[in-house]
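Inspection log for the structure reproduced underneath, given as structure tokens.
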Amino acid sequence: MTNKSYILRDPEFYFIVFYNLIIIYLFLNREYDGRYAVWGYYLQSVFIGMQYVSLSLVKIYKRDGNIFPLKKLGLIGFFILHFGLFHFVYLVFLVVMTTADNAEGIIALFNFIKASMAFLLANTLFLLGRELIPAAPDYPKPSILTAYVRIIPIHLFIMLNTFSGINYKAFIVFMALKLFADLLIYLVFNPKPAK
């Protein structure tokens, strides 16, 4: 199976494209402003971290028959602490930057967050389920670099605190670059499964 044919058969590729295109579509149709997109990207990053942890645990269990002794989980433990603290700080920034809206705006944002979480949870459960099916191809162990590299756009946006007043065209360029970066990272860090 070539890398190209594997990519076109991998649902994760379509999840990445679809999720990013939906955010771009909603922004272009003025249904949501840039804050929603940043929340969507933040949630995507949180779920990427969850995928790394859950898939790594499954890989360890499949390889060793259990996850003990816990010293085998040192890298995963470090990742949970470090990645989790990063995202907790981001969450505080996002909440502070978006709660100044009126009640109607906050309700709309909450509904967007619920829909995004449902989509991302479905993706995570799919990836986990795919790993647990005995007849499925042996997918490679997830890379910790994938989780860290994919937080760069949200990191820049939150740290620069520019999404509330960013130029409309510049934000479209940012979202297009975010989609491109997600696909590039997917291509680099998600090799085809073993036969």
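The values are calculated or read from the model by the stated rules, or taken from the named source; none is laboratory data. All values reported here derive from a predicted model rather than from experimental measurement. No Cβ is skipped: glycine too gets one built from the backbone with ideal geometry, and neighbour counts run over all protein chains shown.
Couple of notes before you dig in:
- Scanning region 69-82 for residues that are out of contact with any Ser or Thr (no Cβ under 9 Å at 6 or more places or on another chain) and either at pLDDT 85 or above or of a type in the set (Val, Ile, Thr) (or both) yields a count of 5.
- Test: residue in region 30-50 that is assigned to a helix (DSSP H, G or I) and of a type in the set (Asp, Glu): no
- If the condition is being β-branched (Val, Ile, Thr) and not in a helix (DSSP H, G or I), then region 51-71 contributes only 67.
- In region 1-23, the residues that are at pLDDT 85 or above and buried (at least 17 other Cβ atoms within 10 Å of the Cβ): 15, 16, 19, 20, 23
- Region 44-63, residues that are touching a residue at least 24 places away in the same chain (Cβ under 8 Å), of a type outside the set (Lys, Arg) and over 14 Å from residue 147 (Cβ atoms): 58
- Beta carbons closer than 6 Å, at least 6 apart along the sequence or on distinct chains, pair a first residue in region 171-195 that is farther than 13 Å from residue 145 by Cα with a second that is surrounded by 14 or more Cβ atoms within 10 Å (Cβ to Cβ) and at pLDDT 80 or above for 175/24; 179/20.
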